[in-house]
Amino acid sequence: MDGTEISSGSAGEEGFTIFLKSVGCRTNQEELLTLKAQLQLTGCEFTDEITEADIIIVNTCAVTSHTESKTRRMLHSLAVKAPGARILVTGCLAQQQPQSLAALPSVHWVVGNTFKQIIPRLLAQKPDGGIFHACFDEYNPENTFEISAQDLLSPEKNFRTRFSVKIQEGCNFHCSYCIVPSLRGPARSWRCDSVVDLCRAAIEKGYKEIVLTGTHIGQFHDDNNGFLQLLRDVISINGDYRVRLSSLDPRDLTVELLELIGSHPRLCDHLHVSMQHFDREILAMMGRGDTDCLETIALLKQFRKKFPCAGLGVDIIVGFPGETENHFRYLLDMVSEMGFSYAHVFRFSSRPGTAAESLPDKIADNVKNERSERVRDIIASSRKEFLHRCSRISHRIIVESEEPVRGLTTNYLHVLVDTGRARHNSWLDVKINGSENGRYCPAIPVY
Ligand code: SF4
């Protein structure tokens with residue numbers, strides 16, 4: 001269906017009680033929060049108790065076979081835990097496999113990414129459920145989930161200190177292993193002034209951190225402005241806040257951008273690069289051959305040298321078809337030279353419908369596991385050195401919880417502060433002791 005038969009009448013005449021669940025990327029999480037704000041305006045209530053829910057909304061991911069099977073298991077357990085609830089499945093798996101999801105018990109609505117923006121209306125006007133889906137080459141939707149400034153909930157009401165703003169969606173690249181372009185569509189951006197207005201409104205509402213997200217934020221472009229200009233405009237807003245960026249593609253890195261990230265007082269000194277590999281042959285097979293990896297390596301080394309305490313994270317894929325021990329050793333050498341503070345290490349899994357699915361020389365699972373361990377070992381030691389460097393300086397967090405006091409530093413350290421006196425959504429300066437317990441670094445307040 002193409003959604004034209006859905007009138008613009010609002011949802012929530014009945015005021016449903018809804019349970020939300022997100023799988024996958026930060027953009028998925030951000031989309032659910034925006035949907036929550038929209039549905040709250042139509043009288044819907046939200047619960048963390050699944051048994052209290054009339055409706056369960058799941059924003060799914062399809063980026064790896066692992067996330068797909070995890071999503072299916074989760075849908076099954078949700079149906080068992082809340083047999084009376086109707087499930088709405090949306091997101092990338094709904095965009096990729098609408099029919100098979102619709103066949104699952106308790107799945108009432110399947111809404112592809114092309115129709116996400118009309119979910120509030122679907123809940124009211126399509127109580128009998130159904131599949132709401134179109135492919136991107138048939139239907140180019142306007143930006144999903146535009147939220148207006150006055151719809152914003154305050155940090156207190158939203159129990160959040162960070163406000164994510166999706167600045168663009170989709171991607172114009174076609175990496176051989178990636179299905180995102182077919183599930184999120186071509187790159188399309190919000191207008192620069194709309195993003196700035198929404199950020200300003202969120203700052204006036206009291207949010208202390210703005211996170212700029214999207215499928216490929218470096219591809220942000222409205223008629224006149226690219227990503228760098230957007231960033232300049234956002235950080236020139238008056239107010240008491242900071243801005244964090246979600247991951248950047250190496251092809252979008254410039255000296256100017258890295259200088260801003262490392263040094264501007266309003267920008268978190270936190271850079272996450274979706275590098276995937278450092279070897280030119282592997283990058284070419286990944287369809288990322290246009291990544292000038294020597295230039296990227298030089299930029300990242302310069303960034304690390306100039307900003308030794310900046311958060312520097314990376315996405316790495318190990319076990320790509322055709323990856324020899326030599327390719328892998330080169331990857332290891334580069335990873336150890338960069339001094340990354342953390343990494344997301346993925347073992348290659350071929351996805352149906354991608355070019356990489358039919359590539360020869362697949363790597364055995366045990367080799368993939370062993371290579372992923374070897375990368376993690378190097379990251380563990382560079383992280384230790386990073387934490388040691390960071391223990392010499394103080395860091396500013398936003399208090400995310402009061403008991404115990406927890407927060408996130410600008411350079412992406414989750415800290416647990418040994419103090420009882422801190423108010424939610426307030427700034428607090430801390431010193432870490434250079435160690436880490438699980439996800440948190442112990443810290444003390446600096447007054
Ligand atoms: S840049 Fe490549 S990996 Fe990233 S979303 Fe686009 S196609 Fe996928």
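Do you know which residues across the range 347-397 are touching a helix residue (DSSP H, G or I) at 6+ places or on another chain (Cβ under 9 Å) and either part of a loop (DSSP other than H, G, I, E, B) or farther than 20 Å from Val318 by Cβ (or both)? Matches in the range 347-397: Phe348, Ser349, Ser350, Arg351, Pro352, Gly353, Thr354, Leu359, Ile363.
Listed conditions (1) open to solvent by less than 70 Å² (accessible area, probe 1.4 Å); (2) in contact with a Leu (Cβ under 9 Å, 6 or more places away or on another chain) are all met by Arg389, apart from (2).
Do we find that Arg242 is closer than 29 Å to Glu400 by Cβ, within 20 Å of the chain's Cα centre (by Cα) and at pLDDT 95 or above in this structure? So Arg242 fits the description; yes.
Just the residues that are polar (S, T, N, Q) and not in a loop (DSSP other than H, G, I, E, B), please, taken from the range 327-346. Even if it seems obvious, please write down each step before you answer.
Residues of the range 327-346 polar (S, T, N, Q): 336, 341.
The one that is polar (S, T, N, Q) and not in a loop (DSSP other than H, G, I, E, B): Ser336.
Scanning the range 88-112 for residues that are polar (S, T, N, Q), surrounded by 24 or more Cβ atoms within 10 Å (Cβ to Cβ) and more than 13 Å from Leu35 (Cα to Cα) gives a single hit, Gln95.
Could you list, in sequence order, the residues of the range 221-254 that are in a helix (DSSP H, G or I) and among the polar types (S, T, N, Q)? Listed by number, the list holds a single entry, Gln229. Considering each of Ser394, Ser382 in turn, give the residue that is among the hydroxyl-bearing types (Ser, Thr, Tyr), touching a residue at least 12 places away in the same chain (Cβ under 8 Å) and out of contact with any Asp or Glu (no Cβ under 7 Å at 6 or more places or on another chain). Matching residue, one of Ser394, Ser382: Ser382. Ser426 meets each of the listed conditions (1) surrounded by fewer than 20 Cβ atoms within 10 Å (Cβ to Cβ); (2) at pLDDT below 95; (3) over 17 Å from Arg242 (Cα atoms) apart from (3). Here Leu20, Leu78, Leu39 are screened, and the one residue that is in a helix (DSSP H, G or I) and at pLDDT 90 or above is Leu78. When every residue of the range 282-295 is checked against the conditions, at least one turns out to be crowded, with 16+ Cβ neighbours inside 10 Å, outside the structural domain of Leu93 (by TED's automatic domain parsing), free of Cβ contacts under 8 Å to residues at least 24 places away in the same chain and farther than 30 Å from Lys208 by Cβ.
In the range 209-223, the qualifying residues are those that are over 17 Å from the mean Cα position of the chain (by Cα) and open to solvent by 30 Å² or more (accessible area, probe 1.4 Å), and the one that is modelled with the lowest pLDDT is Asp223.
Being modelled with pLDDT of 95 or more, away from the ligand (no atom under 16 Å from the Cβ) and of a type outside the set (Val, Ile, Thr) is the filter here, so list the residues in the range 224-238 that pass it.
Gly226, Leu228, Gln229, Leu230, Leu231, Arg232, Asp233, Ser236, Asn238
Yes or no: the range 337-348 includes at least one residue that is surrounded by 14 or more Cβ atoms within 10 Å (Cβ to Cβ) and either farther than 30 Å from Ala284 by Cα or of a type in the set (Asp, Glu) (or both). There is at least one residue in the range 337-348 that is surrounded by 14 or more Cβ atoms within 10 Å (Cβ to Cβ) and either farther than 30 Å from Ala284 by Cα or of a type in the set (Asp, Glu) (or both). Scanning the range 398-418 for residues that are modelled with pLDDT under 95 and part of a loop (DSSP other than H, G, I, E, B) yields Glu403, Pro404, Asp418. Annotation note: Cβ proximity below 6 Å between a residue of the range 58-82 that is closer than 29 Å to Val318 by Cβ and a residue that is among the polar types (S, T, N, Q) and in a strand (DSSP E or B) (sequence gap 6+ or interchain) occurs for Asn59/Ser22; Asn59/Thr90; Thr71/Thr60. Restricting attention to the range 296-326 and to residues that are under 21 Å from Asn366 (Cα atoms) and part of a helix (DSSP H, G or I), the residue that is most open to solvent (accessible area, probe 1.4 Å) turns out to be Asn326.
If we keep just the residues of the range 174-220 that are basic (Lys, Arg) and outside any loop (DSSP other than H, G, I, E, B), which is nearest to the ligand (Cβ to nearest atom)?
Residues of the range 174-220 that are basic (Lys, Arg), as a first pass: 184, 188, 191, 200, 205, 208.
Those still in the list that are outside any loop (DSSP other than H, G, I, E, B) too: 184, 188, 200, 205.
Values: Arg184: 7, Arg188: 13, Arg200: 29, Lys205: 31 Å.
It comes out as Arg184.
Of all the listed residues (Leu248, Leu257), the sole one being within 16 Å of the ligand (Cβ to nearest atom) and out of contact with any Cys (no Cβ under 6 Å at 6 or more places or on another chain) is Leu248. If you go through the range 364-375 one residue at a time, do you hit one that is modelled with pLDDT of 95 or more, of a type in the set (Lys, Arg) and open to solvent by 80 Å² or more (accessible area, probe 1.4 Å)? Checked against the condition, which is being modelled with pLDDT of 95 or more, of a type in the set (Lys, Arg) and open to solvent by 80 Å² or more (accessible area, probe 1.4 Å), the range 364-375 yields no hits at all.
Only one of Ser274, Ser236, Ser246 is among the small types (Gly, Ala, Ser), touching a residue at least 40 places away in the same chain (Cβ under 8 Å) and either farther than 17 Å from Asn172 by Cα or open to solvent by less than 10 Å² (accessible area, probe 1.4 Å) (or both); which?
Ser246
The values are calculated or read from the model by the stated rules, or taken from the named source; none is laboratory data. Model, not experiment: these values are computed from the prediction. Glycine also receives a Cβ, built like all others from the backbone with ideal geometry; neighbour counts cover every protein chain displayed. Areas reflect the complete protein model, heavy atoms only, side chains present, ligands, DNA and RNA absent. Shrake-Rupley method; radii C 1.70, N 1.55, O 1.52, S 1.80 Å.
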